[in-house]
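Input: a single structure, listed below in structure tokens.
Just so it is clear, none of the values below were taken in a lab; they were calculated from the coordinates. None of these values were measured; they are calculated from a predicted model. Here the Cβ positions follow ideal geometry from the backbone for every residue, glycine too, while neighbour counts run over all protein chains shown.
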Amino acid sequence: MDNAYIDELCKKVQEALKDDYNRFKHSIGVANTAACLAMRYNSSMERAYIAGLLHDCAKCVPDDIKIEECKRANLSISEIEYKSPYLLHSKLGALYAKEKYNIDDKEICSAIEYHTTGKPDMSILEKIIFIADYIEPYRNKAWDVDIIRGLAFEDINEAVYFCLKDTLEYLESSNKDIDEMTSKAYAYYASNRLENI
């Protein structure tokens, strides 16, 4: 990895998240976890680290500004995203990666865009960021996170399936809105899982 470039990027992210130390700590955790997963799956550690570091770069933007910024960039906003604007941090994060951090790698931007919802047929980098966000060392919300941590290094598709399953079960039990893309992603990975049994 280009250490000087990574160090400079870390400084920029730390400055952007200076009012939320835990968010920066989480971003570093995701970046490190993503790099480890990339090593395991013969993918670029540098690209995984960058995507992990930047995945929440728009998380601290106030919800009303998220909506304004997405409109400015002509990004689509679903009904659920209007009701739950925090979901827009993924789309806006992909935009910020391009505009504020000069990332022109489309797959890195896509991994940032779909790190919250997932999507059907994700690339290896998209899977890595989706999972790293769920299992990084400071995350302990899910009862089975340790199982998924182990699974992530054995069978990445199975880990994606369980992350999506857990997310949907949590949202349903909490009576929270479910993004259509999450449902589509779950259906895709559940179907593939049945085919491989």
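General remarks:
- Its Cα centre serving as origin, the chain has a Cβ charge dipole (Lys and Arg +1, Asp and Glu -1) of approximately 220 debye.
- For segment 129-188: rounded, prolate or oblate by the Cα gyration tensor [a/c cutoff 1.5]: oblate
- Here the 3J(HN,Hα) profile of segment 152-165, calculated from phi with Karplus coefficients 6.51, -1.76 and 1.60 at θ = phi - 60°, is 4, 8, 9, 8, 5, 5, 5, 5, 4, 4, 5, 4, 5, 4 Hz, Gly and Pro shown as x.
- The string of couplings for segment 116-122 from the Karplus curve (6.51, -1.76, 1.60, θ = phi - 60°) is 8, 8, x, 6, x, 6, 5 Hz, one whole number per residue in order, with x for Gly and Pro.
- Applying the Karplus relation 6.51 cos²θ - 1.76 cosθ + 1.60 with θ = phi - 60° to segment 129-145 yields 3J(HN,Hα) values of 5, 4, 6, 4, 4, 7, 10, 3, x, 8, 9, 9, 6, 7, 5, 9, 4 Hz, where x marks Gly and Pro.
- GNM remark for the chain: springs join alpha carbons under 10 Å apart, and the peak mean-square fluctuation among LYS119, LYS100, LYS127 falls on LYS100.
- Counting all C-alpha pairs of segment 56-138, share separated by more than 22 Å (%): 23 percent
- The chain gives an Rg/Rh value of 0.95, both radii derived from C-alpha positions and Rh following Kirkwood.
- Each peptide in 72-81, 106-115 gets a packing score, the mean of other Cβ atoms within 10 Å over its residues, and the list from highest to lowest is 106-115, 72-81.
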